[in-house]
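Undergrad: Please see the structure below; I have some questions.
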Amino acid sequence: MADARELGARFVDAFNAHDEARIRDLQSENVVFEAPGEVRVEGPDAATEYTMAWLQAFPDARITVNNEFAAGEWIAQEFTFEGTHEATLVSPNGEIPATHKRLTGRGAQIFKVDGDVVTDIRLYFDQVQVLTQLGLMPEAVAAG
């Protein structure tokens, strides 16, 4: 049986390897996945599909964990996502054609584990930051 920190590290390794099978296998059959944009899906196939949409759109995507905290069956990871937008990203609000721009953004993910699988995934990131870096939204003007 893996502890939460170990399972979190396995998930990051699978993500960085773009390993769809390992990503899926790390999730329970009743996993619940939530993300910005009112995304809430259930089951490992739907959760893996969301993750793979990002990995296909950003073929050089990597996350680097900057801080993490584990307590019991929970682990929270603050991370930096880096990748180049080279293919269409399927989002909750529609498709975003490739912009060929580099994205570097911070986010957080929280996992609940049970045995050797993740049962809950909660992903948080700044959607405005993503859209701005991809050139799809004007940069905010600083208050003077």
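A short reminder: the numbers here are calculations on the coordinates, not readings from a lab. Remember, it's a predicted structure, so these values are computed and weren't measured experimentally. No Cβ is skipped: glycine too gets one built from the backbone with ideal geometry, and neighbour counts run over all protein chains shown.
Undergrad: Report ³J(HN,Hα) in whole Hz for each residue of region 43-51, in order, from the Karplus equation J = 6.51 cos²θ - 1.76 cosθ + 1.60 where θ = phi - 60°; Gly and Pro get x.
TA: x, x, 5, 5, 5, 5, 4, 4, 4
Undergrad: About its Cα centre, what dipole magnitude does the chain give when the only charges are +1 on Lys and Arg Cβ and -1 on Asp and Glu Cβ, stated in debye to the nearest 20?
TA: With Lys and Arg at +1 and Asp and Glu at -1, about 460 debye.
Undergrad: What does the convex hull of the alpha-carbon atoms of the chain project to on average, in nm²?
TA: Averaged projected area of the chain's Cα convex hull equals 9.0 nm².
Undergrad: Name the long-range amide H neighbours of Ala2: under 5 Å, sequence gap of 5 or more, or other chain; modelled H, no Pro or chain starts.
TA: Asp116
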